[in-house]
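Just so you know, all these numbers are worked out from the coordinates, no wet-lab data involved. Keep in mind the model is a prediction, meaning the values are calculated, not measured. All Cβ positions, even for glycine, are placed from backbone atoms using ideal geometry, and neighbour counts span all protein chains on display.
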């Protein structure tokens, strides 16, 4: 009696054959004087197509060997997209078995030989240092250590500088507050004791909003820029002195 498996399912994605338990097969061979070993296969006599095409090609999985397993993954063969998904999951199990469960010393040496050629202690040390550098760079990148702040708009930068100077005087601009609302707050706080300062900041804010949000002609834009810079220099010096 000869026993083994007959058939197999080829997985084109990973390039291997899957042989299942239901593919188990057996036949007999008899020694005949003058002829040697002769095969006597009952299956070949009753269902010869089973020998050529395999078990799956001969029997319907819904009415035969899987009728007691309604949720078997092998039933997915009749649906192409489900069968492709099944093979992808099978490939994951194959790679897990090969590269994790079967990653022994011999396979490790094979991988190192492909990467480094002749495996030496110096090459392994260099590879470990290089790996640590790569890991450190990746961690640093995701931690934001290599990110560069975008260059701030000069107009925004000058306006924010004046706002910071006013914040030191106790008039801080809340986050998200519109420039017009902040200008109204500054005027309300400073108009009694520092009317010139309040008026200049209000004019600065108007020029800032015009340059940022209004459609200006080139001449108007130039006038607003000159107005803004003149008020910016005046306010910066005045706030520094105070």
task = Order these peptides, 26-33, 162-169, by their mean beta-carbon neighbour count within 10 angstrom, highest first.
result = 162-169, 26-33
ask   = If you line up the Cα atoms of the stretch 154-241 on their principal axes, what length do they span on each, largest first, in Å?
value = 37, 27, 22
